[in-house]
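Contents: one structure, followed by commentary.
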Amino acid sequence: MWAHQRDAFSMYKRTPSRDHSAVMDVEENSVLSQNSMDVETTNPSWWLSFPHVVVATISSFLFGYHLGVVNEPLESIALDLGFSGNTLAEGMVVSTCLGGALIGSLFSGWIADSVGRRRAFQLCALPMIIGASTSATTKSLAGMLIGRFLVGTGMGLGPPVAALYVTEVSPASVRGTYGSFIQIATCLGLMGALFIGIPVKEIAGWWRICFWVSTIPAGLLAFAMMFCAESPHWLYKKGRSAEAEIEFERLLGGSHVKYAMVELPKLDRGDEADTVRLSELLYGRHFRVVYIGSTLFALQQLSGINAVFYFSSSVFKSAGVPSDIANVFVGVANLSGSIIAMLLMDKLGRKVLLLWSFFGMTISMVLQVAAANTYALGSASLYLSVGGMLMFVLTFALGAGPVPGLLLTEIFPSRIRAKAMAFCMSVHWVINFFVGLLFLRLLELLGPQLLYSIFASVCMMAVVFVKKNVMETKGKSLQEIEIALLPQE
């Protein structure tokens, strides 16, 4: 079916580049394409783009770190700043980041398209440095909330820009593997925050050190990005073809530059002055890919992953496992799944990982339902609950965690990629906020058995949705994917 669509969609006319110094006519393209076929039979070397990808994933490490940085120290923060026992204030310290993240994600597409991917990373690091410094030095709740909000804006800006950048600078043969680095870096950030927070109960004021530590990788990100390549796709989109060619040489090697440059005019670049309107994403010819992207993020959040993370400490506590050891178990399961996903992403493909990930999450939730059954024996219920929770985290990390961010940047056409990603990440943050807000209330009203049954149903719906709507992108160039998915005008 997709082969038939590719044939049909290849008739689609793209808007030509206005950079006449770099544009080739059809005959020149054909000659260059033919001459470069021999080169393209071998994949570009992975190590040329590797350092650039590693620097970009520092933003994902920071994202994970700031998600977990207040978990252990929250009690000490409340005591020192005078709001101990005020659950509303404690909740605001945790959730203020989500409000900032929503704002950051809403503007991420505009920023990435306006100033470029490299400067967007530097702008992401700036509020994280200022916000973390504010939180580390504050003596009031208001100062803490301001710092957390500023950090949140950087957290909202970082993930979509990281997904864009990694997709656009990676060779097709390792793009899935590199995309998995984002999830692994997030896991390492979460585990780093838990590790740094260990002495918080023994050393007075240690929570301030936890915030200060985060300014080091943020500063490193801003500095190292000065030496990284800019996205050739963004440069071409801006009509800077000569610079795009130079960056391709840095990322792919000289022998692959010509082929990469021949492929770029196939992108849906659009007019230089053309702007992407929200109506075009929701009702226009790009609706289908935006629908797939936003639905994937919605299903990811509605699967119950944040609820499981939130509730894990209580489950382990009932099993007699201390909270710090419980956090280690969850972190190891998350990291292990992410590493396995990295190894399999470019072998099995994105769609296969998504299908088996959501199916595994369904089975895990069924185990949780069985554990919540009043007829289950005490010890059996405990084993089912703990085992189901760890299995859920592991299977989430295998596909539902890392794949959507990578897949979306692959299926979105170049012209709308940044803004469509910003829209989908905003959907992610809004649902994330409401799940966190309503989970305990729903647990109280519905009970664990019914609530986990709902989560299992959502995971099964995700399996059906992926089966019917998601195309495999493994090993395909961004241009091939765009031609396959973009409808005729």
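The values are calculated or read from the model by the stated rules, or taken from the named source; none is laboratory data. Here the structure is a predicted model, which is why all the values come from computation and not from measurement. In this analysis, Cβ positions are derived from the backbone assuming ideal geometry, glycine residues included, and neighbour counts consider all displayed protein chains. The accessibility values were calculated without ligands, DNA or RNA, using every heavy atom of the protein model including side chains. Shrake-Rupley method; radii C 1.70, N 1.55, O 1.52, S 1.80 Å.
Structure above, values below:
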item: Phe434 assigned to a helix (DSSP H, G or I), in contact (Cβ under 8 Å) with a residue 40 or more places away in the chain, of a type in the set (Phe, Trp, Tyr) and surrounded by fewer than 18 Cβ atoms within 10 Å (Cβ to Cβ); result: no
item: Matching residues in segment 391-415 - criterion: being hydroxyl-bearing (Ser, Thr, Tyr) and farther than 19 Å from Val464 by Cα; result: Thr409, Ser414
item: Residue check for Ser135: outside any helix (DSSP H, G or I) and over 21 Å from the mean Cα position of the chain (by Cα); result: no
item: So Asp324, is it open to solvent by 10 Å² or more (accessible area, probe 1.4 Å), among the acidic types (Asp, Glu) and at pLDDT 80 or above; result: no
item: Enumeration of residues in segment 399-429 that are modelled with pLDDT under 85 and of a type in the set (D, E, K, R); result: Arg415
item: Criterion: buried (at least 24 other Cβ atoms within 10 Å of the Cβ) and touching a residue at least 12 places away in the same chain (Cβ under 8 Å) - qualifying residue of Gly116, Gly104; result: Gly104
item: Residue tally, condition surrounded by fewer than 21 Cβ atoms within 10 Å (Cβ to Cβ) and of a type in the set (Val, Ile, Thr), over segment 387-423; result: 0
item: Any hit, segment 78-86, residues being in contact with a His (Cβ under 7 Å, 6 or more places away or on another chain), assigned by the TED database to the domain that holds Ile198 and part of a helix (DSSP H, G or I); result: no
item: Qualifying residue in segment 156-172 (condition: more than 13 Å from Ala418 (Cβ to Cβ), among the hydrophobic types (A, V, I, L, M, F, W, C), open to solvent by 10 Å² or more (accessible area, probe 1.4 Å) and over 20 Å from the mean Cα position of the chain (by Cα)); result: no
item: Residue that is in the same structural domain as Ser294 (by the TED database) and not in a helix (DSSP H, G or I), where the choices are Lys468, Lys476, Lys419; result: Lys476
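Residue-wise test of (1) in contact with an Asp or Glu (Cβ under 7 Å, 6 or more places away or on another chain); (2) more than 30 Å from Gly254 (Cβ to Cβ).
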site: Leu48; (1), (2): no, no
site: Val53; (1), (2): no, no
site: Gly68; (1), (2): no, yes
site: Pro73; (1), (2): no, yes
site: Ala78; (1), (2): yes, yes
site: Met92; (1), (2): no, yes
site: Thr96; (1), (2): no, yes
site: Gln122; (1), (2): no, no
